[in-house]
Structure formats: C-alpha cells, structure tokens
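I have placed the structure first, in the form of structure tokens, so that the comments after it can refer back to it.
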Ligand SMILES: Nc1ncnc2c1ncn2[C@@H]1O[C@H](COP(=O)(O)OP(=O)(O)OP(=O)(O)O)[C@@H](O)[C@H]1O
Ligand SMILES: [Mg+2]
C-alpha cells in the first residue's frame, strides 16, 4: 500500500480554503469557489436509521445514560459517510446500533432494507471496532485465515485474499509476527485487513486512523478513498477533523448524543461570498494591477499572498525526502524569518 496508495502530492491544494493568491511558475490558472453545484447523491439507500435512539441502563434497568437521541439518517451506496463528534458524543453507539450489536431503545436501523439485527447481512459487512479484539497469539496470515474460514471461504481464496490485504495495509514484512508484538498502528492495519476479508459492500470503521503516524494516516485515508472507488460504502467515525474533511462525502456531527449538523462536506465548508483566485507566474507589477482592478470593482478584504501547504503534506514531504536522500540534514530555509 505504501507506494500505490500515495496519491496526494506535497503542496497539492486542499479543495477549500481562504482567499489567497500564488506566485512563481509560468502558467496562470484562475479558479473560483462557490459556483459549482454538488453532484446530486443518487443510488440505493444501504443504511437507514429511523428515530434511532439508545439509553444505556444499569443492572436494575434504570436509565443511566442517553447515548443517542432519536436519529434519522439515510446513507447511499458508494458514499463515504463520517460521524463526527467529541468523546462520548455517541459515535460508537451509533455504529453498534447500525451493526445490530446493541438494541435500540427506540426506532430501528435498516441495512440493505433489512433490520440491523438480521444476521444474514453480516457477509456483506466489514467492521473495524474501536478496540482490537483480535487473537494476540496469531500472526497476520493466521488472523486473516481464521476470519476467512468464518466466512466459509475456500483455502485458496483465503490465501490469495490474505496476501493481497496484508500487502494493501503495508504489513508484508511483519506478516509472520504474532499480533501481541504489534505496535498500535500495526494493530489498526491488521484490523482493517480483517474488516475487508470478505470483500464487503459496506464497511464501518470506528476511528480508523487512531494510533497511526502521519504516513499511516495518509495511507489509511487513501485506502478509504480507494474503497469508495471500488464501489464500497464506508461509514467511519472520528474526532479528528482533518481525517473526516479529507475523505468524507457527507458528515453528521453529533454532540451529547444529538445530531447537530448533517450535510455534504463541500457544502458545509464552502465560504459563500468569497472568491478564490489562484495563479502562478505573476510579476509584482501584475499583482498590483490585479489588486487595483479588484478594488475598482468594489472588492473588499483582498488578500494576495502565497498559499500554505498543510502540516501533513510538509511532514510527508520531509519523510520522503529523507528516505530518498539519507544523511541530508535541514531542508529549505525553514528557520528564516518570513518577510515577503
Ligand atoms: N455500555 C455502556 N454503558 C453505559 N454507558 C455507556 C456504554 N457505552 C457507552 N456509554 C456512554 O454513552 C455515551 C456515548 O458513548 P460512545 O462510546 O458512543 O461515544 P463516542 O462518541 O464513540 O466517544 P469516543 O470518541 O470517546 O470514542 C458516553 O457518555 C458513554 O459513557
Ligand atoms: Mg467511540
């Protein structure tokens, strides 16, 4: 996965941002935000929540904690849907209700049009739980073989699929090591491979990037985007905003068990009323002319400057650079004062 999943280049612009200009280079590209209408979400509804709620009760059946207030949700085939919210906001509870692992206090969850508690759907699902529950004394190959058996896969297919998944999650070198020796990030990777063993149509991932370093995080996000490319539906939850922003088509924001926001990430983050123009190769004179032109047309709050990359891209850039040229010390003039 390391090589083939890396599709994001350092410095590649994020799809949304503040009003900034750019200089350097030759070609000029002007590109404005806020005009394109988002593609309508079509397709079969694969997950439905209707008035779904959960109150955890104590041993005596007394209400203990309202983890999820009545929730209505439709998730369509091919979407990457993110559940976002602070600790304790009800994300894991929602995933467990959708999976039929716990019973709702009210309402119902439907998967592929069938009640979530119907076990017939399990072959079409993959699940990465928040905490690893894998057997610590098995190695990666044995783990995937074990889960392949549970799904009734023939030996040759189990072997082929296990090898492909181990490669995909970047564990080839560690495939013979027992899971008890795995680091947190490695445990997360084998968990994802396990969730995909049955080539599921719908994958539910609870904090998929937890414990991963920035490279592992980037790879995990690319892997999730790749699942979408292969027609899978993904529901993931996280409290890491950048992870959700980078991969999800739509999000639901939960707070204290209540749905606070629901919509397409593009729509929720778009700054309407602000136009972004990006160009390379502008001379200082041209910049002044552009500013004067904008002012003449009544534009306000004009910002012209160099766009920033993200810390994630910078980190990946440094690591790749170091791997390509071992022994090299500082890069760029990073410690020089930034005076334009
Ligand atoms: N088995 C349980 N019994 C009682 N209360 C529970 C149980 N499981 C979760 N809760 C409570 O329900 C609320 C929601 O928990 P949940 O695990 O769904 O949150 P979360 O959004 O996944 O949080 P995190 O980001 O920390 O994983 C919390 O207040 C939690 O304490
Ligand atoms: Mg959780």
Checklist entry - Inside the range 211-242, can you point out the residues that are within 16 Å of ligand 2 (Cβ to nearest atom), touching a helix residue (DSSP H, G or I) at 6+ places or on another chain (Cβ under 9 Å) and in contact (Cβ under 8 Å) with a residue 40 or more places away in the chain? => result 235, 236, 237, 238, 239
Checklist entry - So which residues in the range 67-91 are within 16 Å of ligand 2 (Cβ to nearest atom) and either more than 17 Å from the chain's Cα centre (by Cα) or assigned to a loop (DSSP other than H, G, I, E, B) (or both), if there are any at all? => result 67, 68, 71, 85, 86, 87, 88, 89, 90
Item to check | Evaluation of residue 87 against (1) more than 16 Å from ligand 1 (Cβ to nearest atom); (2) surrounded by fewer than 13 Cβ atoms within 10 Å (Cβ to Cβ); (3) modelled with pLDDT of 90 or more (one fails), failing number | outcome: (1)
Item to check | Residues that are more than 16 Å from ligand 2 (Cβ to nearest atom), crowded, with 16+ Cβ neighbours inside 10 Å and either outside the structural domain of residue 162 (by TED's automatic domain parsing) or part of a loop (DSSP other than H, G, I, E, B) (or both), drawn from the range 125-146 | outcome: 134, 138
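Test residue 97 against the stated conditions and say whether it is under 22 Å from residue 131 (Cβ atoms), at pLDDT 95 or above, out of contact with any helix residue (DSSP H, G or I) (no Cβ under 7 Å at 6 or more places or on another chain) and assigned by TED's automatic domain parsing to the domain that holds residue 241. Talk me through it step by step, then tell me what you get.
Numbers: under 22 Å from residue 131 (Cβ atoms): yes; at pLDDT 95 or above: yes; out of contact with any helix residue (DSSP H, G or I) (no Cβ under 7 Å at 6 or more places or on another chain): yes; assigned by TED's automatic domain parsing to the domain that holds residue 241: yes.
The answer is yes for residue 97.
Return the only residue of 156, 162 being away from ligand 1 (no atom under 16 Å from the Cβ), touching a helix residue (DSSP H, G or I) at 6+ places or on another chain (Cβ under 9 Å) and in the same structural domain as residue 195 (by TED's automatic domain parsing).
That would be 162, the only listed residue that is away from ligand 1 (no atom under 16 Å from the Cβ), touching a helix residue (DSSP H, G or I) at 6+ places or on another chain (Cβ under 9 Å) and in the same structural domain as residue 195 (by TED's automatic domain parsing).
Could you count how many residues in the range 117-147 are closer than 19 Å to residue 76 by Cβ and out of contact with any helix residue (DSSP H, G or I) (no Cβ under 6 Å at 6 or more places or on another chain)? Please lay out each step first, then the result.
Step one: of the range 117-147, the residues closer than 19 Å to residue 76 by Cβ are 121, 124-126.
Those left that are additionally out of contact with any helix residue (DSSP H, G or I) (no Cβ under 6 Å at 6 or more places or on another chain): 121, 124-125.
Total satisfying the criteria: 3.
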Item to check | Hits in the range 92-124 - residues which are in a helix (DSSP H, G or I), in contact with a strand residue (DSSP E or B) (Cβ under 7 Å, 6 or more places away or on another chain) and within 16 Å of ligand 1 (Cβ to nearest atom) | outcome: 92, 93, 94, 95, 97, 98, 99
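The values are calculated or read from the model by the stated rules, or taken from the named source; none is laboratory data. Because the structure is a prediction, the values reported are computed rather than measured. Note that we place each Cβ from the backbone using ideal geometry, even for glycine, and neighbour counts take in every protein chain shown.
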